[in-house]
1. Suppose we filter the stretch 77-104 for residues that are surrounded by fewer than 18 Cβ atoms within 10 Å (Cβ to Cβ) and either assigned to a strand (DSSP E or B) or of a type outside the set (Asp, Glu) (or both); how many remain?
2. Would you pick out the residues in the stretch 59-90 that are touching a strand residue (DSSP E or B) at 6+ places or on another chain (Cβ under 6 Å) and farther than 17 Å from Ser17 by Cα?
3. From the set of residues in the stretch 105-116 that are farther than 16 Å from Ile22 by Cα and surrounded by 15 or more Cβ atoms within 10 Å (Cβ to Cβ), which is modelled with the lowest pLDDT?
4. In the stretch 64-88, how many are in contact with a helix residue (DSSP H, G or I) (Cβ under 6 Å, 6 or more places away or on another chain), of a type outside the set (D, E, K, R) and closer than 17 Å to Leu108 by Cβ?
5. Restrict the check to the stretch 22-32 and report whether at least one residue is among the basic types (Lys, Arg), in a helix (DSSP H, G or I) and exposed (fewer than 14 other Cβ atoms within 10 Å of the Cβ).
6. Tally up the residues in the stretch 38-76 that are over 18 Å from Thr103 (Cβ atoms), aliphatic (A, V, I, L, M) and assigned to a helix (DSSP H, G or I), please.
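The values are calculated or read from the model by the stated rules, or taken from the named source; none is laboratory data. Computed from a predicted structure; not experimentally measured. Here the Cβ positions follow ideal geometry from the backbone for every residue, glycine too, while neighbour counts run over all protein chains shown.
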Amino acid sequence: MTYLQDVVRKFAESPASFQAEIAGRVGLNAAIVFQNITFWIKKNQANRRNLRDGRYWTYNSISAFGELCPYLSEKQIRTALEKLVSAELIIKGNLGDDRYDRTCWYTLGNSICPNGQIL
């Protein structure tokens with residue numbers, strides 16, 4: 001396997017992309033987590049899934065984010081999510097129907113999507 005093939009294989013296994021502007025505002029780790037959240041919200045919007053209160057949402061646990069981003073610790077992921085919420089880039093909610101369900105749901109913040117949907 002050539003070096004380039006190895007790089008492409010590794011990228012396919014664990015793509016870490018981010019927007020430089022977001023990274024400048026909240027840091028690299030938060031920008032990577034934000035990109036993942038944005039991807040799933042776009043996918044849900046395209047499939048018309050997880051629409052609540054006029055917004056498309058996605059959900060994930062800290063450990064699931066860790067599977068997607070194995071180079072980040074759970075503490076780094078928690079901190080990244082807190083930064084994104086504080087910067088109003090995402091909104092965090094608990095939308096489970098069961099009162100014991102503590103799954104965290106995420107959607108894009110008003111500064112990104114004032115009407116709750118990606119254009």
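1. First, pick out the residues of the stretch 77-104 that are surrounded by fewer than 18 Cβ atoms within 10 Å (Cβ to Cβ): 78-79, 82, 85-88, 92-104.
Adding the requirement that they be either assigned to a strand (DSSP E or B) or of a type outside the set (Asp, Glu) (or both) leaves 78-79, 85-87, 92-96, 99-100, 102-104.
Final tally of qualifying residues: 15.
2. Here is the first cut: in the stretch 59-90, the residues touching a strand residue (DSSP E or B) at 6+ places or on another chain (Cβ under 6 Å) are 59, 84-85, 90.
Selection gives Tyr59, Val85, Ile90.
3. Just the residues of the stretch 105-116 that are farther than 16 Å from Ile22 by Cα, to begin with: 105-106, 114-116.
Next cut, surrounded by 15 or more Cβ atoms within 10 Å (Cβ to Cβ) only: 105-106, 116.
Values: Trp105: 95, Tyr106: 96, Gly116: 65.
Result: Gly116.
4. 4
5. Step one: of the stretch 22-32, the residues among the basic types (Lys, Arg) are 25.
Retained after the next criterion (residues that are in a helix (DSSP H, G or I)): 25.
Still in the list and also exposed (fewer than 14 other Cβ atoms within 10 Å of the Cβ): none.
The answer is no; no qualifying residue exists.
6. 1
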